[in-house]
Amino acid sequence: IHQPSSAVFGSFDQFLLLNRGKVMYQGAAGDLTVYLSEHRYAIPPHHNPADFVMNLAQTLSDAELEEAGLYLKDTRNLPLAERLRAVEVINVCTQRASKHSEVDERRVSMLTEINLLFIREVRNLVRFRQPLVARFGFSSFMSLLVGVIFFDVGTLSSDVPKVNLYRCG
């Protein structure tokens, strides 16, 4: 969960905080305030711990977090090949994230927007068939109901006399 509310955070037993592929905290959620206090970052009273730690992760550089001891050391006894693979995976993930974090501010044509919205709508219709069937059934029912109510309204019956309203003289 990305940046939970205070109520949601209070319901956590365990908490794992990742920042740029590195573990900043792993342990009991209630111990987070003590952990940050030990590393010179005390959470202010009546402050959401999740908001505070997210702010730390976003505003401090990797060097500052490393210096403060907020990145946990990997104490696993892994063979060298696995360690190199783990570092390679982290580097690839970081590169992908940086590529996708650039904002493309070019404008697209209105036809492209309509096309993308149409494709999205068709995908949603295919994925969620129950609402589609419900809409179709409701529309069919309403059409039949209106048809029955107004059936044969525009025709005159044979027992009603015809009156010529435009007769002169």
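What to note about this one:
- Accessible surface for V133 stands near 100 Å², nearest 10, in the context of the full protein assembly shown (1.4 Å probe).
- Mean Cβ count within 10 Å, highest first, over the residues of peptides 114-127, 46-59: 46-59, 114-127
- Label-point separation, R120 to Q26 (7 Å along Cα→Cβ), nm: 3.7
- Of the listed residues F151, F141, the order by accessible area with a 1.4 Å probe, largest first, is F151, F141.
- Using a Förster distance of 35 Å, the FRET efficiency for R106-L60 (Cβ separation, nearest 0.05): 0.60
- Taking only protein heavy atoms and a 1.4 Å probe, the accessible area of region 100-151 is 67% carbon and sulfur.
The values are calculated or read from the model by the stated rules, or taken from the named source; none is laboratory data. Model, not experiment: these values are computed from the prediction. Glycine gets a Cβ as well: all are built from the backbone with ideal geometry, and neighbour counts include every protein chain shown. Quick note on the areas: whole protein, heavy atoms, side chains included, nothing else; ligands and nucleic acids left out. Shrake-Rupley method; radii C 1.70, N 1.55, O 1.52, S 1.80 Å.
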